[in-house]
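A.B. asks: Have a look at this one before I ask anything.
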Protein chains: 2
Amino acid sequence: MGTDKGLIDSLRLELRRGTLVLSVLSRTDEPKYGYALVQSLLDMGVPIDPNTLYPLLRRLESQGLLISEWETDGPKPRKYYRRTPFGTEIYRELRNEWNQMAGAMELLMKEES
Amino acid sequence: MGTDKGLIDSLRLELRRGTLVLSVLSRTDEPKYGYALVQSLLDMGVPIDPNTLYPLLRRLESQGLLISEWETDGPKPRKYYRRTPFGTEIYRELRNEWNQMAGAMELLMKEES
DNA sequence: TCAATATACTGTACGGCACACACTATTGTC
DNA sequence: GACAATAGTGTGTGCCGTACAGTATATTGA
């Protein structure tokens, strides 16, 4: 069915919402620059387009969860991002939320009605 | 911090997106009426307001994933929902998507960087 | 008997994020 | 020199969970 693919894509997109915040916060315990995050997340099974990541990084910084710092020593200037203490607090709470949700989903899909 | 709670609520809401579709599809292998779904999902750890569920049921029906049927025998008319074959197909694919995503999130949160 | 709550549902508007598009600039590779 | 990769900024849109407004009847408790 022609609409099959489109519907799955749309639903997959909805599932992704929120998880990217968790993904990024989990990777920024240590400072990392944008493009390295793209690679790092790809390696961990979370593909993300730079066009999606950079706006997300800026939003998380504006929300006080990340802090950034330019490094211009190398051949290319890079913006490094690191979790703030507030970001770590939020990350831990969000991880709890995710674990509860994932547990419930696990249960739901195990026993169909 | 005052914005803490609001931010968590907002992020939790984003995590929920998409998962409610999966939840409902997992519960409608057998016909169920709206309000019973509210109870059923609550029992499984997925609290959902009727104001959220009823619009979702109608949307899933309009997308061809569910089919409904009025039952007016009892003291109260009830609208029963059941997955269509297409809905079952989409449910299985979405479950795969979820499992992949959950696996990646598991990995991400296990080894912090 | 009446008020409040629960049950069961319809209709509709809004906020926010992942995505997508447009763009700049430099480095690295062939 | 052309093209892809690297590294980033700016901005608008679609869609879903939520919330608000509403109807109607059954059940419960005073």
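Read the figures in this text as sums done on the coordinates, not as results from a lab. The structure presented is a predicted model; accordingly, all values stated were derived computationally and were not measured. When we count neighbours, we look across all protein chains shown, and the Cβ atoms used for this are built from the backbone with ideal geometry, even at glycine.
A.B. asks: Rounded to a whole number of µm²/s, how large is the Stokes-Einstein D of region A:1-44 at 20 °C and 1.002 mPa s, given Rh as the Kirkwood radius over C-alpha pairs? Please list the in-between numbers first.
C.D. replies: Working: Rh = 12.1 Å.
It comes out at roughly 176 µm²/s.
A.B. asks: Calculate, in nm to one decimal, what A:GLN39 and A:LEU107 gain on full extension: separation in residues at 0.36 nm each, minus their alpha carbon distance. Intermediate values should be presented prior to the final figure.
C.D. replies: Values: separation 68, 0.36 × 68 = 24.48 nm, distance 3.25 nm.
Stretched out fully, the A:GLN39 to A:LEU107 stretch lengthens by 21.2 nm.
A.B. asks: Taking the label point as lying 7 angstrom from Cα along the Cα-to-Cβ axis, what are the distances from A:ASP29 to the corresponding position in the remaining copies, in ascending order and in nanometres?
C.D. replies: 3.8
A.B. asks: Roughly how many Å is it from the Cα centre of region A:55-113 to that of region B:53-113, as a whole number?
C.D. replies: Cα centroid of region A:55-113 versus Cα centroid of region B:53-113: 27 Å apart.
A.B. asks: Going 7 Å from Cα along the Cα-Cβ axis for the label, what nanometre distances separate A:PRO47 from the same residue across the other copies?
C.D. replies: Its label point is 3.7 nm from the equivalent points in the other copies.
A.B. asks: Label-point separation (nm) for B:GLU89 and B:SER68, each offset 7 Å from Cα along Cα-to-Cβ?
C.D. replies: 2.4
A.B. asks: Here's something else I'd like to know. Which peptide among B:22-31, B:71-80, A:95-104 comes first, and what is the full order, when sorted by highest mean count of other Cβ atoms within 10 Å? If you can, show how the numbers build up before the last one.
C.D. replies: Numbers: B:22-31: 21.0, B:71-80: 11.1, A:95-104: 15.6.
The peptides rank, most packed first, as B:22-31, A:95-104, B:71-80.
A.B. asks: First select every other residue whose beta carbon is under 9 angstrom from the beta carbon of B:LEU11; then total the charges, Lys and Arg +1, Asp and Glu -1. Walk me through the intermediate numbers first.
C.D. replies: Working: positive: B:ARG12; negative: A:GLU93, A:GLU97, B:ASP9, B:GLU14.
Neighbourhood net charge equals -3.
A.B. asks: Shifting gears a bit: With respect to the cross-link table entries A:LYS79/B:LYS110; A:LYS110/B:LYS110; A:LYS110/B:LYS79; A:LYS110/B:LYS32; A:LYS5/A:LYS110, which display a Cα-Cα separation exceeding 28 Å? Before the final figure, lay out the partial values.
C.D. replies: Working: A:LYS79/B:LYS110 26 Å; A:LYS110/B:LYS110 23 Å; A:LYS110/B:LYS79 26 Å; A:LYS110/B:LYS32 18 Å; A:LYS5/A:LYS110 25 Å.
Long pairs (Cα-Cα over 28 Å): none in the table.
A.B. asks: Run lengths n ≥ 4 of DSSP H only: what is the helix-derived mean residue ellipticity at 222 nm for the protein assembly as shown, with -39500 (n - 2.57) per run over all residues, to the nearest 500?
C.D. replies: Helices in the protein assembly as shown give a 222 nm mean residue ellipticity of -21000 deg cm²/dmol.
A.B. asks: While we're looking at this one, here's another question. Quantify how strongly other chains surround peptide A:92-102 by giving the mean number of their Cβ atoms within 10 Å of each of its Cβ atoms.
C.D. replies: Working: counts 0, 6, 7, 3, 1, 6, 7, 3, 4, 8, 7.
Mean shielding by partner chains, rounded to a whole number: 5.
A.B. asks: Once a ≥ b ≥ c are taken as the square roots of the eigenvalues of the Cα gyration tensor of region B:9-110, is the result rounded (a/c under 1.5), prolate (a/b larger than b/c) or oblate (a/b not larger than b/c)? Intermediate results must be reported in sequence, preceding the final value.
C.D. replies: Values: a/c = 2.47, a/b = 1.67, b/c = 1.48.
Note, shape of region B:9-110 comes out prolate.
A.B. asks: If you don't mind, another one. Shortest first, in nm, what separates the label point of B:ARG17 from those of the same position in the other copies (7 Å along Cα→Cβ)?
C.D. replies: Ordered by increasing distance: 0.3 nm.
A.B. asks: If I take all pairs of Cα atoms in region B:69-108, what percentage of them are more than 16 Å from each other?
C.D. replies: Numbers: 461 of 780 pairs.
Roughly 59 percent, once rounded to a whole number.
A.B. asks: Could I ask something else about it? Please compute P(r) over all alpha-carbon pairs of the protein assembly as shown, binned at 10 Å starting from zero, and give each bin as a whole-number percent.
C.D. replies: 7, 30, 30, 20, 9, 3, 1, 0
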